[in-house]
Structures are given as C-alpha cells and as structure tokens.
Amino acid sequence: MSNTLNIPKIIARGLPTLRQNAVTPRLVTDYSFMVGGAGAKGNVLTIPTGAVQATAAITPSNTPPSNVDHAAGSKTLTIGTWAGSYFHLTDQEKTQIDKDQSFVPLQMSEAFKSIANSVDAAVLALYKGVYGLAGTAGTTPFATTLAAWTGSSGGRKILQDQLSPVGPWNVVVDPAAEGNLLGLSQINGANTRGDGGGTMRTGEIGNVLGASWFVNQSVPTHTRGTLTGSPLVNDAAVSVGDATVDIDAASLTGTVVVGDVFTVAGDTQQYTVTATATAASNAIAGVAITPTAQVAWADNAAVTFVASHVANLAMHPGAIGIAFARPEGEGLNPQNEMVVRDEVSGIPIRVKVTEEYYQTTYRLDVMYGVSLLRPEFAVRIAG
C-alpha cells in the first residue's frame, strides 16, 4: 500500500514550490526546539529577551561586590495556527508521477503553495508592530539611489539607531522595489559590487551593503486609518514611558488603525498604533502606541501620520520568532502519513493520504506560531 500512495515522491515534488513561496520563514529565528510533542496548538512559548547590563569600575578588594538582580524581559510566542490544504490525484496521475520525474500536477503544486503562502503571510503581517520607517510612503524605493537603505534617514541608519545587532540583516521587498534595485549600477555593476557581477547573470541581488536581499510577492500594503484633520497632543502632562497618547484637533474625524506610523513634533522617534481607535467629539483619548513615549511631548505638539505604503521589511533574524509543531492526531502510520521538515524553508509539513474511488486524496497541514519579539531589530522601507 505504501508504494502505491507515493508519499515520498509527492513531498519531493512539492518542496520546490514550498521553497519558492516561503521566503520569510527562513529569515527569522526558529524556536521549534522549545515545542513539546504533537498536539501543541495553543501552547505558549516564553522567549527571553534579556536585560540591559551596566559596567562598573573594578576596585581590588578581599570582598567581591554583591550580585545585582536583573529584570530580564521576555516575549511570548503562541502555537496558534493549524492550516491545511488538500488535492486529489487520479490513478493515471499517480502512474505519471512514478514514471515521469518532471511531472507535477497543477493542483498539487497549488496546495503546497497555499501552505507556504499561509506561513509567509503570517510572518509578514507582523510589520504592524514595526515602528521604524524609512523611505517615502506611496513611492517605490530605490528608483534612482539606495538612499532608502543607506541614506542619512535610511533603513540601515534606523536599525543602528534602534541598537539592532549589525547584521545579518535581511531585506524583503516587493517586485516593484526589486525592479528598481536591479536597475541600479551599485547592484548590477561588477565594478561597483566587486563580486563578479553575479546579479547580471542570475537576476538575484544577493548580499549588498551589509544585507541579503529577497523579493517576495506577498509583501503587504498598509492602508492608513481614515483619520482626517490636523491632530495635536491633547495632554499637558505627558511623561516619558507613557504607553498612550490623547489627541485632538479643531476638526478630527475617522479612525487610527493598528500599524499606523506617526511622529510627534520635537521628537525624532517613530511610533506605531497598537489598537484601533475612533475619533469622537474631535478627539481620541488613549491611542495605544509602541514604543512608549521617548520624550515628554508638549501639549498641542503636532502629530503627523505616515500615509498608506507598501511595507517592505529590513530585519535582523532576532526580530521575529517562529515555531512549528507536529499537527495533532493519530500516530504516524508510514503507509498513509508522513511528516517531513524541509531543510530550506524550515517548514515541517505533514501529508495524510486517503484512497478513494479511482482517486487518492492527499491532505497537507502545518501547525505553527509567529511573534514579533524585538521590533527594534526591524524597519519598514516604505513603498
């Protein structure tokens, strides 16, 4: 029976599609080693983020200094998604898979693609918690220069200001931004890159200026809330560390939504909204934000929101965590069920098989969770 179901061959033929579409999972930190056995949906992992350490002068003595407690931070990652897809093969298609090494049925490819897209989209959706932003909203970056990455207000500068580790950085851009990049001499010119001009041969950007570059068709677009008016800080007693801000205006209507980025006059820090809120009576009380206020803003300081934009991402692997668990259910039966972890994308995918009337149904599923652990290790490059 196991020979007729072709599970190993099905997985082998589907993995290239999985790898092609699952770009971002391989660029983040995998915490699957912290997951227990099967049936782990809903499990919550606690990921330590460390505590700030201070240095002190050393004075030789016969008595060592007392230890100091550190309040180490942590973030949580929940195994909260169990997603799947399925397809069926006729007996003729199964025979073709056996005989023709290049034969990949269309729906089989689409099923693997849907799994990859699900995981990819979950990672990319975390952009809403990333507050650092470079580039110009509504304008595809890199049209003429690399300033959106290397400039005085570019993504690389912002990452360093936010104390991200200096590499490895990965930049994920949409096809429009990649198209601009491929037209720049700094990218395609061997005389400027100094690596033999591989981009001109392969069409892939690779590692340039301290980052590895990847194109992803699933890069999301952030649609800014409908807030209209000229919002001002509505608080004469803002304190550093405040996690909310009151805003008002002579005429203020509409909403702010999760992921809206803004700045406040007199403060160079960028912030993002973490909860949707709607204006009433020309004001919104308690707009939730991250990070907390870095400056004690003045009452009536202008609040400027960034327009809608494509959310290209530059990030250190430590910015985002992902973890996979083996889907729950009956114990693995080598005759009709198999789990294989793809070494390239990092995704462990299960294939379950049911033989039916002159056809066989293959069901794919994956269980995972994602979390934005260190937003300061990431930056949006607006498009």
- Note on the structure: Of those in the range 128-175 that are in contact with a helix residue (DSSP H, G or I) (Cβ under 7 Å, 6 or more places away or on another chain) and among the hydroxyl-bearing types (Ser, Thr, Tyr), the residue nearest to GLN269 (Cα to Cα) is TYR131
- Considering only the range 33-60, how many residues are modelled with pLDDT of 80 or more and either closer than 20 Å to ALA71 by Cβ or surrounded by 10 or more Cβ atoms within 10 Å (Cβ to Cβ) (or both)? 12
- Can you work out which of the residues in the range 211-229 that are of a type in the set (Val, Ile, Thr) and in contact with a strand residue (DSSP E or B) (Cβ under 7 Å, 6 or more places away or on another chain) is least open to solvent (accessible area, probe 1.4 Å)? VAL219
- Query: Which one of VAL379, VAL287, VAL339, VAL370 is open to solvent by 10 Å² or more (accessible area, probe 1.4 Å), of a type in the set (Val, Ile, Thr) and modelled with pLDDT of 95 or more?
  - Reply: VAL370
- Conditions (1) open to solvent by less than 60 Å² (accessible area, probe 1.4 Å); (2) part of a strand (DSSP E or B); (3) farther than 30 Å from VAL119 by Cβ; number of the one not met by THR272: (3)
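Within the range 294-312, restricting attention to residues that are assigned to a loop (DSSP other than H, G, I, E, B) and closer than 28 Å to GLY383 by Cβ, which residue is least open to solvent (accessible area, probe 1.4 Å)?
So in the range 294-312, the residues assigned to a loop (DSSP other than H, G, I, E, B) come out as 294-301, 306-308.
Imposing the further condition that a residue be closer than 28 Å to GLY383 by Cβ reduces the set to 294, 306-308.
Numbers: GLN294: 91, VAL306: 34, ALA307: 52, SER308: 49 Å².
Filtering first and then ranking leaves VAL306.
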- Please tell me if ALA323 is under 30 Å from VAL366 (Cβ atoms), in a strand (DSSP E or B), modelled with pLDDT of 95 or more and open to solvent by less than 40 Å² (accessible area, probe 1.4 Å). no
- Query: So, of the residues in the range 132-153 that are small (Gly, Ala, Ser) and either crowded, with 22+ Cβ neighbours inside 10 Å or touching a residue at least 40 places away in the same chain (Cβ under 8 Å) (or both), which turns out to be farthest from GLY259 (Cα to Cα)?
  - Reply: ALA148
- Message: So if I check each of ARG13, ARG26, which one is surrounded by 15 or more Cβ atoms within 10 Å (Cβ to Cβ) and at pLDDT 85 or above?
- Response: ARG26
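Let's see how each residue does on (1) in contact with a Pro (Cβ under 9 Å, 6 or more places away or on another chain); (2) assigned to a loop (DSSP other than H, G, I, E, B); (3) modelled with pLDDT under 95:
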site: ALA137; (1), (2), (3): no, yes, no
site: PRO141; (1), (2), (3): no, yes, no
site: ALA148; (1), (2), (3): yes, no, no
site: SER152; (1), (2), (3): no, yes, yes
site: GLN160; (1), (2), (3): no, no, no
site: LEU163; (1), (2), (3): no, yes, yes
site: GLY167; (1), (2), (3): no, yes, yes
- Item | Which numbered condition ASN180 misses (of (1) at pLDDT 95 or above; (2) outside any loop (DSSP other than H, G, I, E, B); (3) of a type outside the set (Gly, Ala, Ser); (4) open to solvent by 40 Å² or more (accessible area, probe 1.4 Å)) | (1)
- Message: Among the residues of the range 249-269, what is the count of those that are open to solvent by 30 Å² or more (accessible area, probe 1.4 Å) and within 15 Å of ALA301 (Cβ to Cβ)?
- Response: 5
- Cβ pairs under 6 Å, 6+ apart or interchain, first in the range 338-359 and on the phi > 0 side of the Ramachandran plot, second at pLDDT 75 or above and open to solvent by less than 20 Å² (accessible area, probe 1.4 Å), ordered by first then second residue, are GLY346/PRO25
- Query: Taking the range 106-131 as the search range and keeping residues that are out of contact with any Ser or Thr (no Cβ under 9 Å at 6 or more places or on another chain) and at pLDDT 95 or above, which one is nearest to TYR368 (Cα to Cα)?
  - Reply: ALA125
- Note on the structure: Scanning the range 337-373 residue by residue, the ones that are acidic (Asp, Glu), more than 18 Å from SER114 (Cβ to Cβ) and either part of a loop (DSSP other than H, G, I, E, B) or touching a Phe, Trp or Tyr at 6+ places or on another chain (Cβ under 9 Å) (or both) total 2
- Query: Is it the case that ASP246 is open to solvent by 10 Å² or more (accessible area, probe 1.4 Å) and not in a strand (DSSP E or B)?
  - Reply: no
- Right, THR278: within 28 Å of the chain's Cα centre (by Cα), loosely packed, with under 14 Cβ neighbours inside 10 Å and touching a residue at least 40 places away in the same chain (Cβ under 8 Å) or not? no
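The values are calculated or read from the model by the stated rules, or taken from the named source; none is laboratory data. Not measured: the values here are computed from a predicted model. Please note: Cβ atoms are built from the backbone with ideal geometry, for glycine as well, and neighbour counts cover all protein chains shown. Note: accessible area is taken over every heavy atom of the protein model, side chains too, but ligands, DNA and RNA are not part of it. Shrake-Rupley method; radii C 1.70, N 1.55, O 1.52, S 1.80 Å.
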